[in-house]
Structure formats: C-alpha cells, structure tokens
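Undergrad: The following block contains the structure, expressed as structure tokens.
The values are calculated or read from the model by the stated rules, or taken from the named source; none is laboratory data. This structure is a prediction, so every number in the text was calculated from the model and none was measured. Cβ: placed from backbone, ideal geometry, glycine included. Neighbour counts: every protein chain shown. For accessibility, only protein heavy atoms count, side chains too; no ligands or nucleic acids. Shrake-Rupley method; radii C 1.70, N 1.55, O 1.52, S 1.80 Å.
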Amino acid sequence: LISVPLSISLAIANGGTPVMGMVTAVWSGAVAALTSGSEFNIHGPTGALSGIVKQYAIAHGVAVLPFLAVL
C-alpha cells in the first residue's frame, strides 16, 4: 500500500496518467511477491525514477548523474 501513492506520483511526474502508476504498483508488487526469496527483500517503485533521471540527463548532460545518484 505504501508504493501505490508513490507509483502514482512518479507516473504523473514522468508525464503518464495516475492509472499507469496504479498498474505499475500492482504488477511490481505481484512480481516481487512471486519472485522474492527472502523476507528481508525490499521492493518499491524506484524504477519509475529512471524516467526523471533521464530527463535531467538530457536537459543538463550526463555530468549531473553522479549528483542525482547521491541526492
């Protein structure tokens, strides 16, 4: 349930719709539940951040990627 609002907001930030974020949250949770091998695994919608990082890299050059990774 924690990843639902985060997935929705990341979908909107990347130019998608809230439904896209909801579908991503449901499928990523299902895949994580089926494939995780430990009770200590942490899965979340951070893959959606790659679209945001890509936009910054296009706008400001690849030199900003280390700063974004630390941020």
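Undergrad: Normalising by the residue count of the chain, find the relative contact order in percent from Cα pairs under 8 Å and 6+ residues apart.
TA: Numbers: 50 pairs, mean separation 19.2, N = 71.
Averaging sequence separation for qualifying contacts and normalising by length gives 27 percent for the chain.
Undergrad: If I take R0 = 35 Å and measure r between the Cβ atoms of residue 40 and residue 19 in this structure, what FRET efficiency does the formula 1/(1 + (r/R0)^6) give, to the nearest 0.05?
TA: Working: r = 31 Å, r/R0 = 0.90.
Here the calculated transfer efficiency is 0.65.
Undergrad: Here's another thing I want to ask about it. Which value in deg cm²/dmol, rounded to the nearest 500, describes the helix-derived mean residue ellipticity at 222 nm for the chain, given -39,500 (n - 2.57) per DSSP H run of n ≥ 4 and division by the residue count? Can you show the working numbers first?
TA: On the way: 4 runs with 47 residues, N = 71.
For the chain, the value works out to -20500 deg cm²/dmol.
Undergrad: Assuming R0 = 22 Å, what is the FRET efficiency of residue 30 and residue 53, from their Cβ-Cβ distance, to the nearest 0.05? Mind showing how you got there, number by number?
TA: On the way: r = 25 Å, r/R0 = 1.14.
Efficiency, rounded to the nearest 0.05: 0.30.
Undergrad: Can you send over the carbon and sulfur percentage of the accessible area for the chain, probe radius 1.4 Å, protein chains only?
TA: Numbers: 3890 of 5350 Å².
So the carbon and sulfur contribution to the accessible surface is 73 percent.
Undergrad: Could you provide, to the nearest whole Å², the per residue accessible area of the chain with probe 1.4 Å? Each step should come with its number before you reach the end.
TA: On the way: 5350 Å² over 71 residues.
Normalised by residue count, the accessible surface of the chain is 75 Å².
Undergrad: Could I ask something else about it? Of 36, 28, 50, which is the most mobile in a GNM of the chain whose springs link Cα atoms less than 10 angstrom apart?
TA: The residue with the greatest mean-square fluctuation here is 36.
Undergrad: Would you mind calculating the gained length between residue 6 and residue 71 on full extension (0.36 nm times residue separation, minus the Cα-Cα distance), in nm to one decimal?
TA: Values: separation 65, 0.36 × 65 = 23.40 nm, distance 1.75 nm.
Result for the pair: 21.7 nm of gain on full extension.
Undergrad: I need the Debye-formula profile for the chain: one equal scatterer per C-alpha, no solvent, reported as log10 I(q)/I(0) at q = 0.18 1/Å, two decimals.
TA: Each listed q corresponds, in turn, to -0.76.
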